[in-house]
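Enquirer: Please read through the structure below; I'll follow up with questions.
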Amino acid sequence: MPEYRHLLLERSDDRHVVTVTLNRPEQHNAMNTAMGHDLLACFTALAADADVRAVVFTGAGDKAFCAGGDLKERNGMTDEQWRAQHVIFEQGALRLLRCPVPVIAAVEGWALAGGCELAILSDFIVASETAVFGVPETTLGIFPGIGGTQLLPRILGAPLAKELIFTGRRMKAEEARAAGLVNHLVPAGHAKAKAGEIAATIARNGPIAVRQAKKAIAYGSETDLETAMILAIEAYNATVVTEDRLEGVRAFNEKRRPEFKGH
């Protein structure tokens, strides 16, 4: 696998699950320019990797998933430099959002500002009881710039999302779970392991079917229902012609676990 400056990548023994770790623990995994380039390159590469069936996305250490953009690096930037850096973050965020396989965010500690946005750009979140979420950009005269204003209303509903964005208040793990931001709440230190268990379960399923399901959900939620139903049937038809579909039916009738090859 490629070497990154501020990311660590690990592959499961079967090569189907990749764990991507934001690796600046002394800076609470804040995103600097180099990390932005790493994220863009990493999720571009993952999208082209046919072996990958699920991704666990986490942060190094137990203090933070990601505390947002590195404001120490940004201090003194010109408007042009700030904008150029942000374009890198925007492109990386889009690659994460459109990753063709499921991405599970495993959150310990702070997931603030751009860090919260990275978590919600993932497909769903596993959080430990230490997790704290927030989009405090407006308290600094900034704006949630990589999807927070669009994704939070879709996940939480507009009223709660507006409150969080307008006030900048933080949401602790239990509230986040109750509000539907977090799928699974686990004891401190266990978020990565739980996310890994779920990723392994996903990786055992038909990889083409899972990819098509993610695609249908993503694009279907962005259009009207009638069009979405058509998209879903197209996704269904894409699985019917695969060897994996034949293997799945065989395995069911032979009362064994299917061995999917991704074709």
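Enquirer: Among the residues of segment 175-223, which ones are among the charged types (D, E, K, R) and farther than 25 Å from A131 by Cβ?
Expert: If the condition is that a residue be among the charged types (D, E, K, R) and farther than 25 Å from A131 by Cβ, then R204, R211, K215, E222 are the ones that fit.
Enquirer: Across segment 30-67, which residue is surrounded by the fewest Cβ atoms within 10 Å (Cβ to Cβ) among those that are in contact with a Phe, Trp or Tyr (Cβ under 6 Å, 6 or more places away or on another chain) and closer than 27 Å to A188 by Cα?
Expert: Top of the filtered list is A67.
Enquirer: Let me ask something additional. Taking T239, is it out of contact with any strand residue (DSSP E or B) (no Cβ under 7 Å at 6 or more places or on another chain) and modelled with pLDDT of 95 or more?
Expert: no
Enquirer: V182 is checked against (1) within 25 Å of the chain's Cα centre (by Cα); (2) of a type in the set (A, V, I, L, M, F, W, C); (3) in a helix (DSSP H, G or I) and fails just one. What number does that condition carry?
Expert: V182 satisfies every listed condition except (3).
Enquirer: Additional query: Yes or no: S122 of a type in the set (S, T, N, Q) and within 30 Å of R245 (Cβ to Cβ)?
Expert: Yes.
Enquirer: Oh, and also: From E137, E175, E129, E163, which residue is among the acidic types (D, E) and closer than 16 Å to T58 by Cα?
Expert: Exactly one residue qualifies, and that residue is E129.
Enquirer: Of the residues that make up segment 115-127, is at least one over 16 Å from R154 (Cβ atoms), without any contact (Cβ under 8 Å) to a residue 60 or more places away in the chain and not in a strand (DSSP E or B)?
Expert: no
Enquirer: Same structure again: Among A54, A67, A60, which is the only one that is among the aliphatic types (A, V, I, L, M), in contact with a helix residue (DSSP H, G or I) (Cβ under 6 Å, 6 or more places away or on another chain) and in contact (Cβ under 8 Å) with a residue 60 or more places away in the chain?
Expert: After applying the criteria, what remains is A54.
The values are calculated or read from the model by the stated rules, or taken from the named source; none is laboratory data. What you see is a predicted model, and the numbers here were worked out from it, not measured in a lab. Don't worry about glycine lacking a Cβ; one is built from the backbone with ideal geometry, like all the others, and counts go over all protein chains shown.
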